[in-house]
Amino acid sequence: DESAWGSNFWVTLVDPQTENQFYACPATGQVSWDPPVGNFVLPPSTEGEWWELSDESRGGLSYYYQTKTGETVWERPQGFVIPLGIIQVS
């Protein structure tokens, strides 16, 4: 649930295609190239992360993408999932 993420909680994301690192706040949709000051920032996982994204061609249906393996699934995987749907529309 995106409302459970506080506005002072950020994640470090690595674009799987470019390997560029950036920062995002799942609660607000804010994105930055620079680390946010005064906030908790979760580092990237060496195992990759599951991202929850939205497929607008299917009415905003959620799907899940694993950044290390490239796997995409429709059912929410077990464990930690970073909700990025709000960032897609920001």
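Looking at region 60-89, which of its residues are of a type in the set (A, V, I, L, M) and part of a loop (DSSP other than H, G, I, E, B)?
Hits for region 60-89 are L84, V89.
How many residues are in contact (Cβ under 8 Å) with a residue 24 or more places away in the chain and part of a strand (DSSP E or B) when one looks only at region 10-25?
Let us first name the residues in region 10-25 that are in contact (Cβ under 8 Å) with a residue 24 or more places away in the chain, namely 10-14, 16, 24.
Narrowing further to those that are part of a strand (DSSP E or B): 10-14, 24.
The total comes to 6.
From the list L61, L84, which one is of a type in the set (A, V, I, L, M) and modelled with pLDDT of 90 or more?
L61
Would you please list the contacts, defined by Cβ atoms under 7 Å and residues six or more apart or on different chains, that run from a residue in region 26-40 that is over 9 Å from W10 (Cα atoms) and open to solvent by 80 Å² or more (accessible area, probe 1.4 Å) to a residue that is among the charged types (D, E, K, R) and part of a loop (DSSP other than H, G, I, E, B)?
Pairs found: none.
Of all the residues that make up region 70-86, how many are more than 20 Å from G6 (Cβ to Cβ) and surrounded by 11 or more Cβ atoms within 10 Å (Cβ to Cβ)?
5
Within the group S7, S57, which residue is part of a loop (DSSP other than H, G, I, E, B) and not aromatic (F, W, Y)?
The match here is S7.
Anything in region 41-68 that is open to solvent by less than 100 Å² (accessible area, probe 1.4 Å) and out of contact with any strand residue (DSSP E or B) (no Cβ under 8 Å at 6 or more places or on another chain)? List them, or say none.
S45, G59
Is it true that Q17 is modelled with pLDDT of 90 or more and either open to solvent by less than 70 Å² (accessible area, probe 1.4 Å) or among the polar types (S, T, N, Q) (or both)?
In short, no.
The values are calculated or read from the model by the stated rules, or taken from the named source; none is laboratory data. From a predicted model like this one, the values you see are computed outputs, not experimental measurements. Neighbour counts are summed over all protein chains in view; Cβ atoms, including those assigned to glycine, are modelled from backbone coordinates with ideal geometry. Just so you know, the surface numbers come from the protein's heavy atoms only, side chains and all, with ligands and any DNA or RNA stripped out. Shrake-Rupley method; radii C 1.70, N 1.55, O 1.52, S 1.80 Å.
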